[in-house]
């Protein structure tokens, strides 16, 4: 898994407690690979193609970004399953088992958040991670006024009036 140490340790902890159902191994032995192509230097399709080139294992996208655009791109690029990083251990194991058996994993249904632009989705994800407007502006290389504009657009599209409501909405949907 090409992830931060925190995410890897968390997944190991979640799955280690279910060793009777899932076993963690390195790439040559893996039957299923968890990966997050969203936000990488390569686009989703190129990233998944690179992972698929390295292993015949089935691919499960494991990401915070569960909007339909990302799901569609990942599935079109060959992902066999899709699961939110907000999912609990039981859901993660369920998806891994389905993919391991060769079954398809239902794609999450569209939500009103699907109308968010890619940049709006990025801003919402950063809001959900607790970033201030100034921190978001610095991370995305835009002005604070641009961030405020994106936030107003997000609020209008998802039907909320406050940051806390946007965070709750976003977390429910895997942002």
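Of note:
- Here residue 104 fulfils each of the conditions (1) modelled with pLDDT under 80; (2) outside any loop (DSSP other than H, G, I, E, B); (3) within 22 Å of residue 22 (Cβ to Cβ) apart from (2).
- Counting only residues that are outside any loop (DSSP other than H, G, I, E, B), buried (at least 21 other Cβ atoms within 10 Å of the Cβ) and at pLDDT 85 or above, the range 52-80 holds 4 of them.
- Test result for residue 38, farther than 19 Å from residue 90 by Cβ and either assigned by TED's automatic domain parsing to the domain that holds residue 124 or modelled with pLDDT of 90 or more (or both): no
- If you go through the range 114-129 and keep only what is over 13 Å from residue 153 (Cβ atoms), at pLDDT 90 or above and assigned to a helix (DSSP H, G or I), you end up with 125, 126, 128.
- The number of residues in the range 1-20 that are in contact (Cβ under 8 Å) with a residue 60 or more places away in the chain and over 17 Å from residue 84 (Cβ atoms) comes to 2.
- The listed residue being free of Cβ contacts under 8 Å to residues at least 12 places away in the same chain and within 14 Å of residue 3 (Cβ to Cβ), out of 53, 23, 40: 40
- Selection from the range 27-51 of residues that are surrounded by fewer than 13 Cβ atoms within 10 Å (Cβ to Cβ) and farther than 29 Å from residue 140 by Cα: 27, 28, 29
The values are calculated or read from the model by the stated rules, or taken from the named source; none is laboratory data. Quantities reported herein were computed from a predicted structural model and do not represent experimental measurements. With ideal geometry, Cβ positions are generated from the backbone for all residues, glycine too; neighbour counts draw on all protein chains shown.
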